[in-house]
Amino acid sequence: MTVDERPGRVSNATPAPDPASPGSGPASPGRAPATSERSNRRAKDDLDRLPVLRATGVHKSFGPLEVLKGVELTMATHDVVCLIGSSGSGKSTLLRCCNLLERIDAGTIELFGHDLADERVNEDLVRRHTGMVFQSFNLFPHLRVLDNVTLAPRRVLGVDRGAAEARAKELLERIGLADKAHEYPDRLSGGQQQRVAIVRSLAMEPRLLLLDEVTSALDPELVAEVLDLVGELAHQGMTMLIATHEMGFAREVADTVCFLEGGRIVESGPPERIFGDPTEPATRRFLQRIIDAGRL
Amino acid sequence: MTWPSRRAPQAAAPVGTVTVGGIDPGPPSDEDLPISLYSSHRPRFRGRAGTAASTVSTLVVIGGLVALIASPAAGSFRNGFLNIHQMWIALAGDPSRGILSVGKGFVLNIWLSLLCEVIVLVLALGVASLRLTRGPVLLPFRALAIAYTDFARGVPVILVMLWVGFGAPSLGIKEISTQSPVVYAGFVLVFSYSAYVAEVYRAGLLSVPRAQIQAARSLGLSSRTTLYRVVLPQAVRNVLPALLNDFTSLQKDTAIVSTLGVAEAVHSAQIAGGVEFNYSGFTVASILFLLITIPLTRYTDRIMNKDRNRRLAGTTA
C-alpha cells in the first residue's frame, strides 16, 4: 500500500453526499480550514519524500500463533494512518513491532530509511524518535504529572530541569491540564491521564507517534477529549499510526484507513472509500458488524 | 430480546402480602415472609452496654495480670526477674565487680544493626537483580545467586554465627583470622539478611507491571535508567513494609552476636546474671529491644495500612 494520493485526500473530502456517513463521529470545529492549512504544510515538505515507515512482508508469531502474516505498509511524513479491524487482527502487534517492543520474524520494517533489523540500529534511539501511547495510559504512578512529562527529556536528551519543566508546562497548558502538573496520576480521570500520556510522548518531539487503542480503556464520556487532542495533532501535521476501534474518528482524521484481518492488511485506502464503498467482502462484513452494533 | 419466562412468576401475588379492603396489614412478621433475613440470636452489648462490657473485661484482665505478679507465690519470680535494684546494676554496670553495662552494650547493638542494614540494602539489591537477569552469559552467576539465597535462608543465623565466629580465627589466614568478633558478627548478619532482603526486593521488582517498563522504554529510556527511575522506586514502595519487617528482625538478631562474646546488651546481661545470680539484667535488655522494635513495628503497620488504602483506592480509579 502506498499513500501517494495526497491531492486526492482534499478533493475527495469535498463531495458531500457520502451515502454511509450522515454526520457521524465527533465533529471538531474548524476542521475545513485546518485541512487546507495542512495541505499547505505538505507542499512545503514535499522534499521530505523519504518514507517515515515502510513495512514489507512483515511476519510475527507468538509461539504457535501467527499474528502478522505479511503486512505491507508505507507512511510518509504527516501521514495519519488508522488501523481498524477486530481484536486479535494484529493491529497492536504491528505498532509494537514499529518501535521494537517486539521483534519481527520475517520481512522488513524500515523507519526513517533504516532497516530495524540492522545490528547497528540502537533500539533506544528508535524509541527516542517514535512516541508510543498505550491503551492503559501507563503513566508512572510514583511521579507527579510534571515529572512524568519531564523524565525522558531530562534523562534521555539531557535537557536541564528548568527548560524541561518549562516545556512540559507549556504542553500541559495546551491540553488544559496545567493546574494538574503537581498531582499524582491516580488523582486524574482516565481521559486526563491519557492526555498526559500523549503529552509525555510529545515532550520527546517524536517523528512518528504510535497510538495503540488510546480510547479503549476510557469511559464513553471521556473518549471525546482524547480524540479531540489526537485530531488536533493530526491537523498540526504529526505523523501518526493509530490502531483504533473508533470508526467515526478514523474516518475524520485518517488520510489512509487500513483494514486488518487475520494478520494481513486486507484493504486500505482513503477513509471515504473504505467506509463508503469497500471492495473486499471481509471489509464489508466487518463494517456491517460495526453498524449492527450501532458504532458507526 | 425478551425474557417472557422470567416475568411470569413475578406477576403472581407475592406470598403473605394480602391487603383486605385497603387496610394496610403493617409490616409483615418474620413468619409471613418466604425468606427470613433475621439473625437467630440478638446482638449483645451495643452502645453504652458495649462500653461497660469492655471496661469490665479490661479490668478483669489487668487485675488478673497484677494478681499473678503480685501474688506471694510469684515472689521468687519478682525477685529473680523484676528486681529493680538488680535491674539498675545491670543497666549501669559495675566495673569493680566485672559487670558490663547492658545500656552501653545496647549502643553496640544499635549501631551494628544500622551499619549492617545499610550494607544489606545494597548487597541484596545486587543479588535480586542478578536473579532477575536473562541471557546465557550470566547463567553461572544466576545459579550462584540462587544457591546463596537458598543456603543463607535455610541455615539458622546462630549456626552461621558459630561457624564463622569460631571457624574463621582457626583458619590461620592473617587477614581473615585476626579480625575482631564484631566484624565476624557483622559479616554473618549481612550474609544471612542479604538473602532475605534479596527475596523481598525480587518480589518487589516482579510486582511492577511490565507495561510500566514498556512505557519507559518506549520513551527512549535505557534499561538502566528504566530500572533506577521507574522500576525500583515502585518496587521499593510496594515492599517497604516487608523491608521494615526484616530490619526489625535484624535489629533483634544482633542479640545472637552474644554467642561470640561481644560485649553487647545480651552478653552484658548474661555476665550480670552470672555475677549476681539474678536475671533482671535480661529484663533490662528485653525492655531496651522493645523500646526500639515496638515503635518500628507500629510504624511498619502504619505504612502497610497506608499502602493498602492506596491500592484499594487505585482499583476503583
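Of all residues in region B:103-122, which are farther than 17 Å from B:Ile287 by Cβ and exposed (fewer than 15 other Cβ atoms within 10 Å of the Cβ)?
Selection gives B:Trp111, B:Leu114, B:Leu115, B:Val118, B:Val122.
Could you tell me which residue of region A:138-176 is nearest to the chain's Cα centre (by Cα), considering only residues that are within 19 Å of A:Met238 (Cβ to Cβ) and part of a loop (DSSP other than H, G, I, E, B)?
Applying the filter and picking the extreme gives A:Ile175.
For region A:259-275, indicate whether the set of residues that are touching a strand residue (DSSP E or B) at 6+ places or on another chain (Cβ under 7 Å) and among the basic types (Lys, Arg) is non-empty.
The answer is yes; a qualifying residue exists.
Within region B:113-132, is even one residue under 20 Å from B:Thr259 (Cβ atoms) and of a type outside the set (A, V, I, L, M, F, W, C)?
For region B:113-132, residues under 20 Å from B:Thr259 (Cβ atoms) and of a type outside the set (A, V, I, L, M, F, W, C): present.
Restricted to region A:177-202, and to residues that are away from every other protein chain (no Cβ under 14 Å) and assigned to a helix (DSSP H, G or I), which residue is nearest to A:Gly237 (Cα to Cα)?
So the residue we want is A:Arg195.
Look at region A:178-190 and say how many of its residues are within 20 Å of A:Met132 (Cβ to Cβ) and either of a type in the set (A, V, I, L, M) or at pLDDT 95 or above (or both).
Of the residues in region A:178-190, the ones within 20 Å of A:Met132 (Cβ to Cβ) are A:185, A:188, A:190.
Narrowing further to those that are either of a type in the set (A, V, I, L, M) or at pLDDT 95 or above (or both): A:188.
Adding up the residues that qualify gives 1.
Determine whether B:Ser218 is touching a strand residue (DSSP E or B) at 6+ places or on another chain (Cβ under 7 Å) and within 14 Å of chain A (Cβ to nearest Cβ). Even if it seems obvious, please write down each step before you answer.
Details: touching a strand residue (DSSP E or B) at 6+ places or on another chain (Cβ under 7 Å): yes; within 14 Å of chain A (Cβ to nearest Cβ): yes.
So B:Ser218 passes the test.
The rows are residues; the columns are (1) crowded, with 20+ Cβ neighbours inside 10 Å; (2) among the polar types (S, T, N, Q).
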{"position": "B:Arg202", "(1), (2)": "yes, no"}
{"position": "B:Gly220", "(1), (2)": "yes, no"}
{"position": "B:Glu264", "(1), (2)": "yes, no"}
{"position": "B:Gly274", "(1), (2)": "no, no"}
{"position": "B:Asn305", "(1), (2)": "no, yes"}
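Taking interchain pairs and intrachain pairs at least six residues apart, which have beta carbon atoms under 8 angstrom, with the first residue in region B:275-302 and at pLDDT 90 or above and the second outside any helix (DSSP H, G or I) and surrounded by fewer than 16 Cβ atoms within 10 Å (Cβ to Cβ)?
Going by the 8 Å Cβ cut-off, the qualifying pairs are B:Thr283/B:Leu82.
Is it the case, given these coordinates, that A:Glu205 is within 24 Å of A:Leu50 (Cα to Cα) and either in a strand (DSSP E or B) or under 13 Å from the mean Cα position of the chain (by Cα) (or both)?
no
I'd like to verify a number: residues in region A:106-124 that are closer than 27 Å to B:Gln234 by Cβ and either in contact (Cβ under 8 Å) with a residue 12 or more places away in the chain or away from chain B (no Cβ under 13 Å) (or both), how many?
Quick first cut of region A:106-124, residues closer than 27 Å to B:Gln234 by Cβ only: A:122-124.
Imposing the further condition that a residue be either in contact (Cβ under 8 Å) with a residue 12 or more places away in the chain or away from chain B (no Cβ under 13 Å) (or both) reduces the set to A:123-124.
Count: 2.
May I ask you to verify whether B:Leu221 is outside any helix (DSSP H, G or I), more than 30 Å from B:Ile89 (Cβ to Cβ) and either among the hydrophobic types (A, V, I, L, M, F, W, C) or more than 18 Å from the chain's Cα centre (by Cα) (or both)?
Values: outside any helix (DSSP H, G or I): yes; more than 30 Å from B:Ile89 (Cβ to Cβ): yes; either among the hydrophobic types (A, V, I, L, M, F, W, C) or more than 18 Å from the chain's Cα centre (by Cα) (or both): yes.
Yes.
Residues checked against (1) more than 10 Å from chain A (Cβ to nearest Cβ); (2) without any contact (Cβ under 8 Å) to a residue 40 or more places away in the chain; (3) part of a helix (DSSP H, G or I):
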site: B:Ala195; (1), (2), (3): yes, no, yes
site: B:Ala203; (1), (2), (3): yes, yes, yes
site: B:Thr226; (1), (2), (3): no, yes, yes
site: B:Ala242; (1), (2), (3): yes, no, yes
site: B:Asp246; (1), (2), (3): yes, no, yes
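Report, ordered by the first and then the second residue, all pairs with beta carbons closer than 8 Å, sequence separation of six or more or different chains, a first member in region A:125-140 that is facing another protein chain (nearest Cβ under 8 Å), and a second member that is assigned to a helix (DSSP H, G or I) and acidic (Asp, Glu).
A:Phe140/A:Asp147
Scanning region B:228-237 for residues that are under 27 Å from the mean Cα position of the chain (by Cα) and not aliphatic (A, V, I, L, M), which turns out farthest from the other protein chains (Cβ to nearest Cβ)?
My answer is B:Tyr228.
Could you list all residues from region A:73-87 that are farther than 12 Å from A:His245 by Cα, of a type outside the set (Asp, Glu) and not in a strand (DSSP E or B)?
A:Ala76, A:Thr77, A:His78
The values are calculated or read from the model by the stated rules, or taken from the named source; none is laboratory data. For clarity, every value in this text was computed on a predicted model and none was experimentally measured. Every residue, glycine as well, gets a Cβ built from its backbone with ideal geometry; the counts of neighbours run over all protein chains shown.
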